[in-house]
Amino acid sequence: MSTTTRREAGPAAATADYLDQRTGVGTAVKAFARKIFPDHWSFLLGEIALFSLVVLLISGVFLTAFFVPSMNETTYSGPWAAMQGVQMSEAFASTLRLSFEVRGGLLMRQIHHWAALLFMASIVTHMMRVFFTGAFRKPREINWVVGFTLMLLGLAAGFTGYSLPDDVLSGNGLRITDGVIRSVPILGSYISYFLFGGEFPGHDLIPRLFTIHILVVPGLILALVGLHLFFVVLHKHTQYPGSGRTDSNVVGYPLFPVYTAKAGGFFFIVFSVIALMAATMTINPVWNYGPYDPSPVSAGSQPDWYMLFLDGALRLMPGQAEVVIGGFTLSLNILIPAMVIPVVLFAALAAYPFIEAAVSGDKREHHVLDRPRNVPFRTAFGVSVLTAFVVLILAGSNDLIATHFHLSVNDIIQSLRVLLFVAPAFAFWITKRICLGLQRRDRELVLHGHETGRIVRFAHGEYVEIHRPLDDDERWLRVQHETRRPLEIEPAEDSRGVRRKGYRADRFRQRLSRLFFEDRVEPVTPAELAAAHVHGEHDTLSVGPAPAGAHSAITQGVEADERNH
Amino acid sequence: MKALAARRRSRHAPVALLLMALLVIGGLYAILAPSTAVAAPTATSTNDVATGKKLFEANCATCHGASAQGTASAPSLVGVGAAAVDFQVGTGRMPAQVSGPQVQAKAVQFDAAQIEQLAAYVASLGAGPAIPSADDVDPAKGNVANGMALFRTNCAMCHNAVGIGGPLSQGKYAPSLMKASPTHIFEAMLTGPQSMPVFNSANLSAQDKRDVIAYIDAQKQGSPGGSTLGSIGPVSEGLWAWVIGIGLLIGAAVWIGAKSS
């Protein structure tokens, strides 16, 4: 019987069998095909990043076939009228050739650039999801750091790629970078000369950036993406809280066929959205900016959006911070916004999982995600860091805000200087209040049920609104989490009045822990729920039947109610 | 009404309410917004200095002085030439109506004949730059490549790389050149209105000015890459990457993940 089926097996099965007999791949395929992934739209955000990376690689290979990474001078003689007879570098000339002469070249350039913007945007969105749901907790802290490094590499890839066409806009960006490097005390000018191969702009930079952009950074990104995905498989995917979902199981669908189909289809959706944008919307029209020349700077010069916060920080910083010590200039006005602020923001982001773990003292593994409202401090912290980024991005766009909303640039800068400090604090406070409010609403809902809008009058004249109790799934979602309480420490002195060693360290830890966990709303306990049910007996009794039969049910309810009292 | 009351707790209710409110506000605005007043053309007599003087006394003398000698609030117009008048009045900047960081272009207050009369009167006060001829400002006769090089070094730092405009200090701004006529662009370079520097023949020859006009004119053809997104650079690109790109992709993700969540 089995021999006949084997003989009838199609070419696919035969190929699979051929491979399996030689590589033993069947075991791996079997394990992977049955691997379970939980299902939620927000788990696809990382896939957007992955797929835009694939689009970047495909379009990037096309671009390298035509781009000339050279700063040698040439004279343009192509079809673009506004560049006729203009002296430019070969890098810029080949970018123009890609745009106007190579068939499909402009589309590919625009696909590559839009994909880069989406790559960074989806990484940030994915990081927000991971952060706000607490998916970085043990055992995933290392994967958070891997992801964070991927974001930095994305910035590096974006920055080096943005500078390659050697146009005025990207040249201005490089000039700012040069200025930032030179602001480093003592070493600054040496590093600048080393990087640019002499005085800015030199003749070495474009080939160097090219190597970093097409070899070093993509290689690192690919290696780390591999590690990132390996960790996802190793740790298994996190899941949102719900009935039946625990820290020791994964509820979802198998990789094959459900997710192979979903993810495969999603790749084509991502590619098509990028292609649609590239086909309809101009991005980085280098022919408008012209070949790089250190003298002109046009109004509206900005970096791509993911670097805009740095430009914004530079625009916000008051120039008076520059100090001269013994004839040496210390450019704090550049050093602080371009180095200190990003390092502080990024370090806070990278270290957060470790800080939270240290403060909570939690050593257990977590595979069920937090609902952001249930962790008010973390949610508020995340929102306030994002607010700081948004303020800096607005500062980076101050000239466009001024022209589009008819405001004074000076007023915008003054306001944003204040907002940079006030807005994150306010965002922290309001987010925390919202989280606590939502938790209270959850408590309320669990204890009293949904309002039905039906008001019932009893025989003795009392009015009650009927509440429909939550079903088991709804209730579980709202009571499954545990709240962290602030650390309780031993007193400073023992019963005999002797000072305890390590009290000060304990007190510091307690203060930190209070900052994180002091304000909280405890989830409903089974005892509280039981008490609420006894109290609200008449609600549950009369909720069942449809309005047509409600009358008799209410009468019964009244009788039951009277018996209870 | 009962059906409406039953659905007021629906989770779509806030969205529906918001849409309704937007519709109502938009509708009310469309009905109640003041429409722009159209300046009634007055009957003109002969095109001469005398009529121009009368127009000047009626519309400009309050600020510029009875004989255009200037006052504390407005400069002297002796020697500014016909080009300055044609630009300021022809773009609606003069007569100024609102004080602010900078006089803004608005609906033109006079017809072509009256502007000519005003220009003739001001030109009669002292020698100054004249209104350029149609040949002087013909974009077809300019060299776009030279125009771009000149624009990049002389104009782009305020007006943006393609002339979309940009901000100056304290609420002043360099306006967009997209709707400016070639004659007005030429006159602006010649006379340097408000914050703009003067580009006289020593800086930019008449041919150079025509090249600049040709470059600005070439921008009206749009971008080979699709929609220009306002030609304001990476900020609008980033905004659309988030709004359209991430917007569509999250929409697709929600659709793909909708089945079980």
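Residue by residue through the stretch B:124-154, note down the ones that are at the interface with another protein chain (Cβ under 7 Å from one of its Cβ atoms) and open to solvent by less than 20 Å² (accessible area, probe 1.4 Å).
Within the stretch B:124-154, the first condition is being at the interface with another protein chain (Cβ under 7 Å from one of its Cβ atoms), and the residues that meet it are B:144-145, B:148-149, B:152-153.
Answer for the stretch B:124-154, where residues must be at the interface with another protein chain (Cβ under 7 Å from one of its Cβ atoms) and open to solvent by less than 20 Å² (accessible area, probe 1.4 Å): B:ALA145, B:MET148.
Any residue at all in the stretch A:398-419 that is closer than 30 Å to A:VAL375 by Cβ, open to solvent by less than 30 Å² (accessible area, probe 1.4 Å) and assigned to a helix (DSSP H, G or I)? Explain how you work it out, then say what you get.
Narrowing the stretch A:398-419 to residues closer than 30 Å to A:VAL375 by Cβ: A:416, A:418-419.
If we keep only those that are open to solvent by less than 30 Å² (accessible area, probe 1.4 Å) too, we end up with A:416.
Retained after the next criterion (residues that are assigned to a helix (DSSP H, G or I)): A:416.
Scanning the stretch A:398-419 turns up at least one residue that is closer than 30 Å to A:VAL375 by Cβ, open to solvent by less than 30 Å² (accessible area, probe 1.4 Å) and assigned to a helix (DSSP H, G or I).
Do you know which of the residues in the stretch B:155-181 that are open to solvent by 40 Å² or more (accessible area, probe 1.4 Å) and outside any loop (DSSP other than H, G, I, E, B) is nearest to B:VAL108 (Cα to Cα)?
Out of the qualifying residues, it is B:TYR173.
Which of (1) touching a strand residue (DSSP E or B) at 6+ places or on another chain (Cβ under 9 Å); (2) more than 11 Å from chain B (Cβ to nearest Cβ); (3) not in a helix (DSSP H, G or I) is the odd one out, the single condition A:ALA93 does not satisfy?
Failing condition for A:ALA93: (3).
Consider the stretch B:232-261. How many of its residues are in contact (Cβ under 8 Å) with a residue 60 or more places away in the chain and either open to solvent by less than 10 Å² (accessible area, probe 1.4 Å) or more than 7 Å from chain A (Cβ to nearest Cβ) (or both)?
Narrowing the stretch B:232-261 to residues in contact (Cβ under 8 Å) with a residue 60 or more places away in the chain: B:232-233.
When the remaining residues are screened for being either open to solvent by less than 10 Å² (accessible area, probe 1.4 Å) or more than 7 Å from chain A (Cβ to nearest Cβ) (or both), the result is B:233.
Going through the stretch B:232-261 one residue at a time, the tally reaches 1.
Mind listing just one residue for me: the one in the stretch A:252-263 that is open to solvent by 60 Å² or more (accessible area, probe 1.4 Å) and either on the phi > 0 side of the Ramachandran plot or in contact with a Phe, Trp or Tyr (Cβ under 9 Å, 6 or more places away or on another chain) (or both) and, of those, farthest from the other protein chains (Cβ to nearest Cβ)?
Taking the candidates together, the pick is A:PHE256.
Name, by its number, the condition in (1) within 24 Å of A:PHE131 (Cα to Cα); (2) crowded, with 16+ Cβ neighbours inside 10 Å; (3) out of contact with any helix residue (DSSP H, G or I) (no Cβ under 9 Å at 6 or more places or on another chain) that does not hold for A:ASN249.
(2)
What's the number of the only condition in (1) under 19 Å from B:ALA130 (Cα atoms); (2) in a loop (DSSP other than H, G, I, E, B); (3) among the β-branched types (Val, Ile, Thr) that B:VAL85 fails to meet?
Tallying (1) under 19 Å from B:ALA130 (Cα atoms); (2) in a loop (DSSP other than H, G, I, E, B); (3) among the β-branched types (Val, Ile, Thr), B:VAL85 fails exactly one: (2).
Restricting attention to the stretch A:321-358, which residues are part of a helix (DSSP H, G or I) and of a type outside the set (A, V, I, L, M, F, W, C)? Reasoning before the result, please.
Of all residues in the stretch A:321-358, those part of a helix (DSSP H, G or I) come to A:321, A:332-358.
Answer for the stretch A:321-358, where residues must be part of a helix (DSSP H, G or I) and of a type outside the set (A, V, I, L, M, F, W, C): A:ASN333, A:PRO337, A:PRO342, A:TYR352, A:PRO353, A:GLU356.
Within the stretch A:264-292, can you find the residues that are touching a residue at least 60 places away in the same chain (Cβ under 8 Å), within 7 Å of another protein chain (Cβ to nearest Cβ) and open to solvent by 40 Å² or more (accessible area, probe 1.4 Å)?
Within the stretch A:264-292, A:ALA279 is the sole residue that qualifies.
Filter the stretch B:219-229 down to residues that are surrounded by fewer than 17 Cβ atoms within 10 Å (Cβ to Cβ) and in a helix (DSSP H, G or I) and give me whichever is farthest from the other protein chains (Cβ to nearest Cβ).
B:LYS220
Which condition breaks for A:SER295 when tested against (1) more than 7 Å from every other protein chain (Cβ to nearest Cβ); (2) in a loop (DSSP other than H, G, I, E, B); (3) farther than 27 Å from A:LEU477 by Cβ; (4) free of Cβ contacts under 8 Å to residues at least 24 places away in the same chain?
Among (1) more than 7 Å from every other protein chain (Cβ to nearest Cβ); (2) in a loop (DSSP other than H, G, I, E, B); (3) farther than 27 Å from A:LEU477 by Cβ; (4) free of Cβ contacts under 8 Å to residues at least 24 places away in the same chain, the lone unmet condition for A:SER295 is (1).
In the stretch A:472-490, which residue that is in contact with a Ser or Thr (Cβ under 7 Å, 6 or more places away or on another chain) and either closer than 18 Å to A:VAL359 by Cβ or in the same structural domain as A:GLY134 (by TED's automatic domain parsing) (or both) is least open to solvent (accessible area, probe 1.4 Å)? Let's see the steps before the verdict.
Keep residues of the stretch A:472-490 that are in contact with a Ser or Thr (Cβ under 7 Å, 6 or more places away or on another chain), which gives A:472-473, A:476, A:484, A:486-487.
Filter once more, so that each one left must be either closer than 18 Å to A:VAL359 by Cβ or in the same structural domain as A:GLY134 (by TED's automatic domain parsing) (or both): A:484, A:486-487.
Details: A:ARG484: 72, A:PRO486: 22, A:LEU487: 50 Å².
Result: A:PRO486.
Please work out which residue is nearest to A:PHE309 (Cα to Cα), limiting yourself to the stretch A:424-439 and to residues that are open to solvent by less than 20 Å² (accessible area, probe 1.4 Å) and of a type in the set (A, V, I, L, M).
A:ALA427
Could you tell me which of the residues A:LEU107, A:LEU169 is assigned to a helix (DSSP H, G or I), out of contact with any Leu (no Cβ under 8 Å at 6 or more places or on another chain) and surrounded by fewer than 19 Cβ atoms within 10 Å (Cβ to Cβ)? Don't jump to the end; show me each part of the working.
Values: A:LEU169 fails: surrounded by fewer than 19 Cβ atoms within 10 Å (Cβ to Cβ).
Exactly one of A:LEU107, A:LEU169 is assigned to a helix (DSSP H, G or I), out of contact with any Leu (no Cβ under 8 Å at 6 or more places or on another chain) and surrounded by fewer than 19 Cβ atoms within 10 Å (Cβ to Cβ), namely A:LEU107.
Could you tell me whether the stretch A:22-34 includes any residue that is at negative phi, in contact with a strand residue (DSSP E or B) (Cβ under 7 Å, 6 or more places away or on another chain), surrounded by 11 or more Cβ atoms within 10 Å (Cβ to Cβ) and modelled with pLDDT under 90?
Here is the first cut: in the stretch A:22-34, the ones at negative phi are A:22-23, A:25-34.
Filter once more, so that each one left must be in contact with a strand residue (DSSP E or B) (Cβ under 7 Å, 6 or more places away or on another chain): A:33-34.
Next cut, surrounded by 11 or more Cβ atoms within 10 Å (Cβ to Cβ) only: A:33.
Remaining after also requiring modelled with pLDDT under 90: A:33.
Within the stretch A:22-34 (the criterion being at negative phi, in contact with a strand residue (DSSP E or B) (Cβ under 7 Å, 6 or more places away or on another chain), surrounded by 11 or more Cβ atoms within 10 Å (Cβ to Cβ) and modelled with pLDDT under 90), the answer is yes, since at least one residue qualifies.
A:LEU369 is checked against (1) hydrophobic (A, V, I, L, M, F, W, C); (2) over 21 Å from the mean Cα position of the chain (by Cα); (3) within 14 Å of chain B (Cβ to nearest Cβ) and fails just one. What number does that condition carry?
Among (1) hydrophobic (A, V, I, L, M, F, W, C); (2) over 21 Å from the mean Cα position of the chain (by Cα); (3) within 14 Å of chain B (Cβ to nearest Cβ), A:LEU369 violates only (2).
If we keep just the residues of the stretch B:197-218 that are more than 7 Å from chain A (Cβ to nearest Cβ) and among the small types (Gly, Ala, Ser), which is surrounded by the most Cβ atoms within 10 Å (Cβ to Cβ)?
First, pick out the residues of the stretch B:197-218 that are more than 7 Å from chain A (Cβ to nearest Cβ): B:197-214, B:216-217.
Filter once more, keeping what is among the small types (Gly, Ala, Ser): B:201-202, B:205-206, B:214.
Details: B:SER201: 11, B:ALA202: 7, B:SER205: 12, B:ALA206: 15, B:ALA214: 25.
Within the stretch B:197-218, the match that is surrounded by the most Cβ atoms within 10 Å (Cβ to Cβ) is B:ALA214.
Among (1) open to solvent by less than 60 Å² (accessible area, probe 1.4 Å); (2) in contact (Cβ under 8 Å) with a residue 40 or more places away in the chain; (3) within 14 Å of chain B (Cβ to nearest Cβ), where does A:GLY244 come up short?
Unmet for A:GLY244, out of (1) open to solvent by less than 60 Å² (accessible area, probe 1.4 Å); (2) in contact (Cβ under 8 Å) with a residue 40 or more places away in the chain; (3) within 14 Å of chain B (Cβ to nearest Cβ): (2).
Under 7 Å between Cβ atoms, which residue pairs at least 6 apart in sequence (or on different chains) link something in the stretch A:388-409 that is at the interface with chain B (Cβ under 8 Å from one of its Cβ atoms) with a partner that is of a type in the set (S, T, N, Q)?
A:GLY396/A:GLN302; A:SER397/A:GLN302; A:ALA402/A:SER408; A:SER408/B:GLN170; A:VAL409/A:ASN398; A:VAL409/B:SER169
Please determine whether any residue of the stretch B:177-199 is assigned by TED's automatic domain parsing to the domain that holds B:THR153, in contact with a His (Cβ under 8 Å, 6 or more places away or on another chain) and free of Cβ contacts under 8 Å to residues at least 60 places away in the same chain. Break it down into steps so the answer makes sense when it comes.
Narrowing the stretch B:177-199 to residues assigned by TED's automatic domain parsing to the domain that holds B:THR153: B:177-199.
Remaining after also requiring in contact with a His (Cβ under 8 Å, 6 or more places away or on another chain): B:177.
If we keep only those that are free of Cβ contacts under 8 Å to residues at least 60 places away in the same chain too, we end up with B:177.
Taking every residue of the stretch B:177-199 in turn, at least one turns out to be assigned by TED's automatic domain parsing to the domain that holds B:THR153, in contact with a His (Cβ under 8 Å, 6 or more places away or on another chain) and free of Cβ contacts under 8 Å to residues at least 60 places away in the same chain.
Does any residue of the stretch A:454-467 turn out to be outside the structural domain of A:GLY242 (by TED's automatic domain parsing), of a type outside the set (Gly, Ala, Ser), under 33 Å from the mean Cα position of the chain (by Cα) and open to solvent by 30 Å² or more (accessible area, probe 1.4 Å)?
Within the stretch A:454-467, the first condition is being outside the structural domain of A:GLY242 (by TED's automatic domain parsing), and the residues that meet it are A:454-467.
From what is left, the residues that are of a type outside the set (Gly, Ala, Ser) are A:454-458, A:460, A:462-467.
After this cut, where a residue has to be under 33 Å from the mean Cα position of the chain (by Cα) as well, the list is none.
There is no residue in the stretch A:454-467 that is outside the structural domain of A:GLY242 (by TED's automatic domain parsing), of a type outside the set (Gly, Ala, Ser), under 33 Å from the mean Cα position of the chain (by Cα) and open to solvent by 30 Å² or more (accessible area, probe 1.4 Å).
The values are calculated or read from the model by the stated rules, or taken from the named source; none is laboratory data. Only a predicted model underlies this, so the values are computations on that prediction, with no experimental measurement involved. Neighbour counts are summed over all protein chains in view; Cβ atoms, including those assigned to glycine, are modelled from backbone coordinates with ideal geometry. SASA here: full protein model, heavy atoms, side chains in, ligands and nucleic acids out. Shrake-Rupley method; radii C 1.70, N 1.55, O 1.52, S 1.80 Å.
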